[in-house]
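Each remark here refers to the structure printed beneath this line.
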Amino acid sequence: MDNLKKILGLVWIALALFTAYFCLFELAIPKIKVGHQEDLVFGIIIMFILTPIISMGLGLFGYYALCGEYAKERT
Amino acid sequence: MKNKANTKTIWKVIGASSMGTLIEWYDFFIFGSLSIVISTKFFPADNPTAAFLSTLATFAAGFVVRPFGALFFGRLGDLIGRKYTFMVTLLLMGGATFLIGCIPSYQSIGFFAPLLVLILRLLQGLALGGEYGGAATYVAEHAPEGQRGYWTSWIQTTATFGLFISLVVILITKSILTEQQFDAWGWRVPFILSILMVYVSYLIRKNMSESPEFSKAKEEGTTSKNPLKESFGNRYNLKFVLLALFGAAMGQGVVWYTGQFYSMSYMKTVMHLSSDEADMILGTALLIGTPFFIFFGWLSDKVGRKWIMLLGMLLALCTYRPIYKAMYQLTDLAKKELVSSSTQQVDDHKQIKTDLYTDGTHAQETQELNSITKETRIKNTVTVHGSTRIWLTALIFIQIIYITMVYGPIAAFLVEMFPVKIRYTSMSLPYHVGNGIFGGLLPAISTYLTTNAKVANDPEFYLAGLWYPIIIAAVCFTIGSLYIKNKPNHLNNG
């Protein structure tokens, strides 16, 4: 199980990177460019709030998992 | 005799903590519940700057600022104690709420009106960020070993009950006043009423003693000198903060907000139920469901907290789409049999069409022509009766059960994850990021997705908004299943 947790750290890091890309280039930036207030609000939420939290937080979590921080003997 | 004395003490602690936290949730939700009225009084749509401030007031203050409040007051709570810190948060919230009710309208003081509302709303968010962690920690540190889930679950009822009370106060105020009176000044009553509630709670709280665990730590000189650094600059502790967020609080937040706020928004904007009826249905489900917080909190002391929370997430992500589809179909007029239809010409600019269906559903379409812009505004309102209302209440109730499963145990779970000296700080941040950010932004994100799907002519547009909570809950369930232990982390339980 500890090895699985470590390996999945790569998954969380990959998910963090994918989320960052998708949120920025597929959601936030296109919405902000549209210019409507509703779209602008949505774009701002995605770009400045959700994306940083998910990408940085989940990425760090994945890194810790990869390093074995969540192995049984270390918790 | 000692056990009885301890129990009596704990009930006093529960009463003082819950009362204050309940009022804070009431204060916080009263703004959201009356947001439409507030927007017309303080944020005129024809003024772009005011409209932008409205956006900031709604999103920035209501949700984004909560984690900052968690950090600010969490640090204070770990430095000077739980009791005094959440006394401050109580007074801050009550004062801000009362003052919102006192602000003159935009017509009276212009730009200063939305600016003042924004500032006070920010203070509300900060206060809420500090309150919950303090109350949960305070209660947990009074609770006997092995009973934290049960005792802290009383705190967990306050959020839902606070929403319930905010709805009740609004409905009572509306029923007493005429529509014109409520629109003119009646909407201020729920805000002003808050100061009385806060004063009573303050009197109760000020007589409470500090938590025994914190008092002991202070006597021993083991309290933290720098809670923020020890919480987030320490790798060992930070990994648990991240785990608390991505393995529990994130999923719990979206389940909580989907079941209560998005369901309310969905009934009003997608199903076109009248506002009062939607509030009544939600209020009924909340009232029936609230005791289950206690049950699942108690159960988590018996079988562990992990799988109760994760099962709640799993059930939610698997059943949200069928639940919301069933909800939508209950008011899908295209599938109902029409009994009669009538049209009333109110005046030269307003026409009301009323349709009656075999199951007792009334559908009213109001068309109103703006004499200046020459634009016709169409408003659809649906009223349901009998079995339809019961089914709707049942579907909301199922979601409330999911909420109680994920939320009932989480206070105890978070408290037990962190040591006494940095507990207030460490548990508050993941909780408020999970609830304030992931959960709090959910209604806006989900509503936006639904609206866009409708514009794109998606036949199942009414389900589009659910992808956000489903995905978040699925990721959280996976992480929680793999990385969270089902027993408290004893190294951090001191």
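The values are calculated or read from the model by the stated rules, or taken from the named source; none is laboratory data. Quantities reported herein were computed from a predicted structural model and do not represent experimental measurements. No Cβ is skipped: glycine too gets one built from the backbone with ideal geometry, and neighbour counts run over all protein chains shown.
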Residues (more than 30 Å from B:Lys421 (Cα to Cα), modelled with pLDDT under 90 and in a helix (DSSP H, G or I)) located in region B:84-108 | B:Tyr106, B:Gln107, B:Ser108
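Quick check on my filter: what residues within region B:73-83 are in contact (Cβ under 8 Å) with a residue 40 or more places away in the chain and not in a loop (DSSP other than H, G, I, E, B)?
At the first step, the residues of region B:73-83 found to be in contact (Cβ under 8 Å) with a residue 40 or more places away in the chain are B:73-79, B:81-83.
The answer is B:Phe73, B:Gly74, B:Arg75, B:Leu76, B:Gly77, B:Asp78, B:Leu79, B:Arg82, B:Lys83.
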Can you confirm whether region B:421-444 contains a residue that is over 21 Å from B:Tyr483 (Cβ atoms), away from chain A (no Cβ under 12 Å) and surrounded by fewer than 24 Cβ atoms within 10 Å (Cβ to Cβ)?
-> yes
When (1) surrounded by 24 or more Cβ atoms within 10 Å (Cβ to Cβ); (2) at pLDDT below 90 are applied to B:Gln351, the one that fails is (1)
For region B:193-286, which fully contained helices (runs of 4 or more DSSP H) count at least 2 residues that are in contact with a Phe, Trp or Tyr (Cβ under 9 Å, 6 or more places away or on another chain) and among the β-branched types (Val, Ile, Thr)?
-> B:250-257
Might you let me know whether region A:14-22 holds any residue that is exposed (fewer than 15 other Cβ atoms within 10 Å of the Cβ) and within 9 Å of another protein chain (Cβ to nearest Cβ)?
-> no
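Can you say whether B:Thr97 is in contact (Cβ under 8 Å) with a residue 24 or more places away in the chain, more than 15 Å from the chain's Cα centre (by Cα) and within 27 Å of B:Leu228 (Cβ to Cβ), as far as the supplied structure shows?
no
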Condition met for B:Leu299 (within 14 Å of another protein chain (Cβ to nearest Cβ) and more than 30 Å from B:Asn380 (Cα to Cα)) = no
Selection status of B:Tyr431, among the hydroxyl-bearing types (Ser, Thr, Tyr), assigned to a helix (DSSP H, G or I) and touching a Gly at 6+ places or on another chain (Cβ under 8 Å) | yes
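Answer yes or no as to whether B:Ala411 is among the aliphatic types (A, V, I, L, M) and within 14 Å of chain A (Cβ to nearest Cβ). Steps first, please.
Numbers: among the aliphatic types (A, V, I, L, M): yes; within 14 Å of chain A (Cβ to nearest Cβ): no.
Judged against the criteria, B:Ala411 is not a match.
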Report whether or not B:Tyr328 is assigned to a helix (DSSP H, G or I) and either in contact with a Leu (Cβ under 6 Å, 6 or more places away or on another chain) or without any contact (Cβ under 8 Å) to a residue 12 or more places away in the chain (or both).
-> no
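Would you point out which residue out of A:Leu58, A:Leu4, A:Leu10 is more than 9 Å from the chain's Cα centre (by Cα), at pLDDT 90 or above and at the interface with chain B (Cβ under 10 Å from one of its Cβ atoms)? Even if it seems obvious, please write down each step before you answer.
Working: A:Leu58 fails: more than 9 Å from the chain's Cα centre (by Cα); A:Leu10 fails: at the interface with chain B (Cβ under 10 Å from one of its Cβ atoms).
Going through A:Leu58, A:Leu4, A:Leu10 in turn, just one is more than 9 Å from the chain's Cα centre (by Cα), at pLDDT 90 or above and at the interface with chain B (Cβ under 10 Å from one of its Cβ atoms): A:Leu4.
Quick one: in region B:468-482, of everything that is hydrophobic (A, V, I, L, M, F, W, C) and away from chain A (no Cβ under 12 Å), which residue is surrounded by the fewest Cβ atoms within 10 Å (Cβ to Cβ)?
Taking region B:468-482 as the starting set, the residues that turn out to be hydrophobic (A, V, I, L, M, F, W, C) are B:470-477, B:479, B:482.
Adding the requirement that they be away from chain A (no Cβ under 12 Å) leaves B:470, B:473, B:477.
Working: B:Ile470: 18, B:Ala473: 29, B:Phe477: 21.
Step by step, filter region B:468-482, then rank; the result is B:Ile470.
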Could you tell me which of the residues B:Gln156, B:Gln147 is of a type outside the set (A, V, I, L, M), under 16 Å from B:Ile14 (Cα atoms) and surrounded by fewer than 23 Cβ atoms within 10 Å (Cβ to Cβ)?
-> B:Gln147
Starting from residues that are more than 14 Å from every other protein chain (Cβ to nearest Cβ) and farther than 30 Å from B:Glu460 by Cα, keep the ones in region B:224-278 and report whichever is modelled with the lowest pLDDT.
-> B:Ser224
